[in-house]
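Q: Handing you a structure now.
What follows is calculated from the coordinates using simple rules that are stated; it is not laboratory data. Source: prediction; values computed, not measured. Heads up, the Cβs are rebuilt from the backbone with ideal geometry, glycines too, and the neighbour counts pull from every protein chain shown.
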Amino acid sequence: MAATVTEPSQLEAPVLSGTDHVELYVGNARQAAYHYRNAFGFDVIAYAGPETGVRDRASYVLQQGKVRLVLTAPLQPEGAIAEHVALHGDGVKSIALRTADAAAAYRAATARGARGVQEPARVEDEHGVLTFASVATYGDTVHTFVERDEYAGVHWPGYREDARVGGGVGLRFIDHTVGNVEKGRMDDWVSFYSEVFGFNVFQEFDEKDIATQYSALRSKVTRDPNTMITFPINEPYVGIKRSQIQEYLDYYRGSGVQHIALHTDDIVSTIGDMKQRGVEFLTAPDAYYDALGPRADGIDEDLDRLRALNILLDRDDDGYLLQIFTRPVADRPTLFFEVIQRKGCKGFGKGNFKALFEAIEREQAARGNL
Ligand code: FE2
């Protein structure tokens, strides 16, 4: 008898075609939706809750460019959503990934070492069928595989269409989504993305690159072979004082998403708009701009305008990038957003880490956590 046995680990990695959406569990989704609509310019495009027959939660779907956020709040103290919010505060529950075959992606991911959270399930309404499944990643965060080729509705069966315009500030797509994990666990999670998802590890910095006087971190970047999904992973490195990553871990009560970087084609306009709408960003000292020197040579933007908006600049051999970081979006010093514009540079602002961390540490010190 010549049975051919395929080892599960030989299954090809899940085939992914980008980020479908990011779902946050929050304490008050209605107010969060108001915030992301009015401050970040997102359109509210769909809603699910008691009015649509959902009893335990309210969810708002927000869209700008290709960026889709789902904000979900519990309607009762029992259950996974309320527990998540109680433990972590507002934070990212799911980074949902688009695929042409959610069941195959789930089989492949679990065979290659991921823990299954939700078996493949089909949901349907008058707009068609959507199939999804999910697997665990760091902390309580999951990746949901979303197969929506047969679904023509605006988001998901059970949601009703909404059309509240946010106006947009030029945010186009997710550039990268960063996870913070416990000290000593970065390499495990980098291996997870490499072994389970077939991602490449293509750049890395260590404590020497990203050290300030007091605290530091280590970071590696993982990216899918089609270069549409980028997940840097950070871990704290112990300096004289508490690492900003450790502060995150302490307040989030474990690993989770640290920041979501949103791409714009015109950061000066985007940030001008966002500031007018009330978004608070980390500031960079004047000394940062004075010290830029030749790094600022030949840029298209007016350096004084960048300085006025606190936009940071970094370079590599291929070009430069402009970036800025919001303050944490809720009261716990956990999740924040980055806005980034790339002009050739493929990095993540390594040259800005020191300037940025000094700015973060000023805030950390103000909270008494440094
Ligand atoms: Fe980033």
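Q: Please give the per residue volume of the convex hull enclosing the alpha carbon atoms of the stretch 134-181, rounded to a whole number of Å³. Intermediate results must be reported in sequence, preceding the final value.
A: Working: hull volume 7.5 nm³, N = 48.
Normalising the Cα hull of the stretch 134-181 by residue number yields 157 Å³.
Q: 7 Å from Cα along Cα→Cβ at both D302 and D187: what's the point-to-point distance in nm?
A: Using points 7 Å along Cα→Cβ, the separation is 5.0 nm.
Q: Based on the Cα atoms of the stretch 12-164, what semi-axes does the equivalent ellipsoid have, where each is the square root of 5 times one gyration tensor eigenvalue, given in whole Å with the largest first?
A: For the stretch 12-164, the semi-axes come out at 24, 19, 15 Å.
Q: From the P(r) of the chain, could you give the percentage of C-alpha pairs in the tail past 33 Å?
A: On the way: 19671 of 68265 pairs.
It works out to 29 percent of all Cα pairs.
Q: Is there a quick way to get the dipole size of the chain? I mean about its Cα centre, with the Cβ of Lys and Arg at +1 and of Asp and Glu at -1; what is the value in debye to the nearest 20? Could you put the intermediate results ahead of the total?
A: Values: 40 positive and 54 negative charges, 114 e Å.
Its charge dipole is roughly 540 debye.
Q: How would you rank E195, E182, E51, going from fewest to most other Cβ atoms within 10 Å of each one's own Cβ? All intermediate terms of the calculation are to be shown ahead of the outcome.
A: Numbers: E195 14, E182 17, E51 9.
Exposure proxy ranking, most exposed first: E51, E195, E182.
Q: In addition: Using the Cα atoms of the stretch 171-367, I'd like the radius of gyration and the largest Cα-Cα distance, Dmax, both in angstrom.
A: Rg then Dmax for the stretch 171-367, in Å: 16.1, 46.
Q: What list of ³J(HN,Hα) couplings, whole Hz, do you get for the stretch 289-302 from phi and the Karplus terms 6.51, -1.76, 1.60, once you set θ to phi - 60° and write x for glycine and proline?
A: Here the 3J(HN,Hα) series is 6, 5, 8, 4, x, x, 4, 8, 5, x, 7, 6, 8, 7 Hz.
Q: Of A287, V129, G351, whose Cα points farthest to the positive end of the dipole of the chain (charges on the beta-carbon: +1 Lys, Arg; -1 Asp, Glu; origin at the Cα centre)?
A: With unit charges placed on the Cβ atoms, the residue in question is A287.
Q: Still on this structure: Skipping prolines and chain starts, which residues have an amide H placed within reach, meaning under 5 Å, of the one on R98, given they are 5 or more residues away or on another chain?
A: Here the answer is S17, G18, T19, D20, V146, since their amide H atoms fall under 5 Å of that of R98.
Q: Would you please give the residues with an amide H less than 5 Å from that of K346, counting only those at least 5 places away or on a separate chain, with H modeled from the backbone geometry?
A: The list, which skips near neighbours in sequence, is D318.
Q: If you rank M228, M274 by fewest surrounding Cβ atoms within 10 Å, what's the result? Each step should come with its number before you reach the end.
A: Numbers: M228 15, M274 25.
So the ranking, lowest neighbour count to highest, is M228, M274.
Q: For the chain, what is the relative contact order in percent, using Cα pairs closer than 8 Å and at least 6 residues apart in sequence?
A: Working: 850 pairs, mean separation 56.5, N = 370.
15 percent.
Q: Tell me, what HN-Hα J-couplings in whole Hz come from the Karplus equation 6.51 cos²θ - 1.76 cosθ + 1.60 at θ = phi - 60° for each residue of the stretch 186-194, using x for Gly and Pro?
A: Karplus-based 3J(HN,Hα) across the stretch 186-194 equals 4, 5, 4, 6, 5, 5, 4, 5, 6 Hz.
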